[in-house]
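For reference, the structure discussed in these notes is given below.
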Amino acid sequence: MKSVIESSENGNLPNSAQAHHLAITEHPERQELHDELNSIVYELLSPPFELSHLVLLSERGWVDQERQLIDELCKHYGIDAPNTHESDFSADFGEFRLRWERHTEYSTYTVYRTKPFETPFMHPAVSFVPQNWLARLPGELLVATHIALEDRARPMRSLHELSKLFASGAVIGSKVAGGAASVWSDQQIHHDNFSRILIHDDNLRSRQVGRLVERLLEIETYRMLAMLPVPVTRKIIPQLARADQRLAELTAGHVAMTCIEDEQRLLDELTRLAAEAERLSALTSHRFNASRAYYDIVKLRIAELREERIEGLQMLQEFMIQRLSSAMGTCELVHTKLETLSMRLGRASALLRTRVDLSMEAQIRDLLKSMDNRAHVQLRMQETVEGLSVVVLSYYLLGIVGYGLKALKAAGSDINVELLTGMAIPFVVLGVYMIVRGVRKVIGKLQREK
């Protein structure tokens with residue numbers, strides 16, 4: 001050990017130490033985790049350029065079909081296709097550059113075209129991609145956005161010019177990246193089924209361009225993903241109101257119940273209502289949780305824009321937060337109502353089950369009491385039967401004694417049969433009684449031992 005330390009201090013490391021530097025066991029997922037932290041790669045862009053961004057919701061199992069389509073496009077343009085295990089791909093196809101990324105529940109296709117343009121959005125980048133190839137993309141379109149970035153050499157457009165580019169006329173905008181660029185949009189879907197964002201380069205550095213574009217695209221993507229549960233939420237609200245009212249009626253019906261059949265019928269209704277509440281919760285809980293996470297990302301990306309106000313225009317942050325917060329508030333309210341309804345149903349069901357259990361216990365107690373009374377009556381009847389059995393057995397036994405005495409008299413003995421039979425009566429009866437009592441005691445002892 002000393003020689004190794006000394007050689008290290010002298011700069012003469014052993015070969016193994018020179019190869020590995022650390023003789024420590026490495027975590028098996030270290031490289032994967034490191035790559036995950038560096039998985040976001042910004043495109044190196046220089047203005048002027050236009051891009052078209054598509055977000056398609058699709059099942060995870062469709063990723064092979066997506067790779068196959070990318071492979072077909074690459075072969076058509078004579079470039080290398082992505083590997084079969086890759087989940088992102090970027091390549092230059094001549095007239096355009098395409099970037100494909102596969103995420104958990106959606107895929108993105110971003111088409112870049114770095115060419116000068118006079119009028120933004122007139123010839124968008126997506127128009128240079130084969131349209132029959134685009135039509136075969138799997139999934140459902142959720143986001144479609146055009147972004148145009150103008151060079152700083154071009155004068156900034158006036159509000160009049162902007163109102164022509166954004167047909168709705170409701171233009172929002174702000175200075176971003178610490179005043180290094182200006183961004184405008186109207187957050188509307190235009191006739192070509194795309195929304196529009198215009199960026200003017202005021203003083204962007206080369207790497208700022210890619211980061212700014214990526215943040216704007218993520219805001220567009222995640223705000224729509226965050227809004228996904230809103231239509232379902234609106235459908236659930238009336239159902240929750242009816243369930244809440246029904247629960248109040250069932251709870252009030254506790255007082256009017258008089259028999260266990262009513263209690264069991266009410267418990268069945270509560271169980272059905274609880275099952276419906278759980279169905280709604282299972283239908284929405286995953287989407288609500290995902291929406292909450294996407295909303296947090298949107299707020300983070302907006303904060304990273306570092307917006308500054310342009311006089312007379314609403315900022316992107318104001319527009320987004322104002323509308324998204326209302327939608328997210330509705331989702332949170334419905335989520336809370338579902339949780340509250342489930343808790344109330346649980347309490348009502350527990351209360352009713354307790355009442356049913358008490359009613360059943362009372363019935364069982366009455367049944368046991370009735371059985372005890374019947375057993376007592378049976379015991380009295382048994383004792384009566386035992387008394388009669390003593391008489392019957394004594395009668396037959398005295399008959400046998402009488403026959404024996406008659407036989408002795410017939411043999412020549414001078415005896416009085418009637419007198420001796422009468423004198424034997426108390427002895428016979430007492431003997432039979434003692435025998436029956438002894439047998440009963442033995443039987444009772446055996447039962448107690450069991």
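The figures follow:
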quantity	calculated
Filter pass, L266 being surrounded by 13 or more Cβ atoms within 10 Å (Cβ to Cβ) and touching an Asp or Glu at 6+ places or on another chain (Cβ under 8 Å)	no
Verdict on L137 being within 24 Å of E218 (Cα to Cα), in contact (Cβ under 8 Å) with a residue 60 or more places away in the chain and surrounded by 17 or more Cβ atoms within 10 Å (Cβ to Cβ)	yes
Residue match in segment 187-206 (condition: farther than 26 Å from M122 by Cβ and without any contact (Cβ under 8 Å) to a residue 12 or more places away in the chain)	no
Tally of residues being within 60 Å of the chain's Cα centre (by Cα) and basic (K, R) across segment 414-450	2
Total residues in segment 163-190, condition surrounded by 18 or more Cβ atoms within 10 Å (Cβ to Cβ) and either hydroxyl-bearing (S, T, Y) or in a strand (DSSP E or B) (or both)	10
Residues (part of a helix (DSSP H, G or I) and at pLDDT below 65) located in segment 14-48	N15, S16, A17, Q18, A19, H20, E36, L37
Residues of segment 179-191 satisfying the condition of being in contact with a helix residue (DSSP H, G or I) (Cβ under 9 Å, 6 or more places away or on another chain) and of a type outside the set (A, V, I, L, M)	W184, S185, D186, Q187
Members of segment 266-298 that are among the aliphatic types (A, V, I, L, M), over 30 Å from S325 (Cβ atoms) and without any contact (Cβ under 8 Å) to a residue 60 or more places away in the chain	A275
Members of segment 72-120 found to be small (G, A, S) and over 39 Å from the mean Cα position of the chain (by Cα), listed by number	G78, G94
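Residues are listed down the side, and each one gets a yes or a no for (1) over 30 Å from N203 (Cβ atoms); (2) touching a Ser or Thr at 6+ places or on another chain (Cβ under 6 Å); (3) modelled with pLDDT of 95 or more; (4) part of a loop (DSSP other than H, G, I, E, B):
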{"site": "H85", "(1), (2), (3), (4)": "yes, no, no, yes"}
{"site": "F89", "(1), (2), (3), (4)": "yes, no, no, no"}
{"site": "R152", "(1), (2), (3), (4)": "no, no, no, yes"}
{"site": "E161", "(1), (2), (3), (4)": "no, no, no, no"}
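The values are calculated or read from the model by the stated rules, or taken from the named source; none is laboratory data. These numbers come from a predicted model, not from an experiment. Virtual Cβ from ideal backbone geometry, glycine too; neighbours counted across all protein chains shown.
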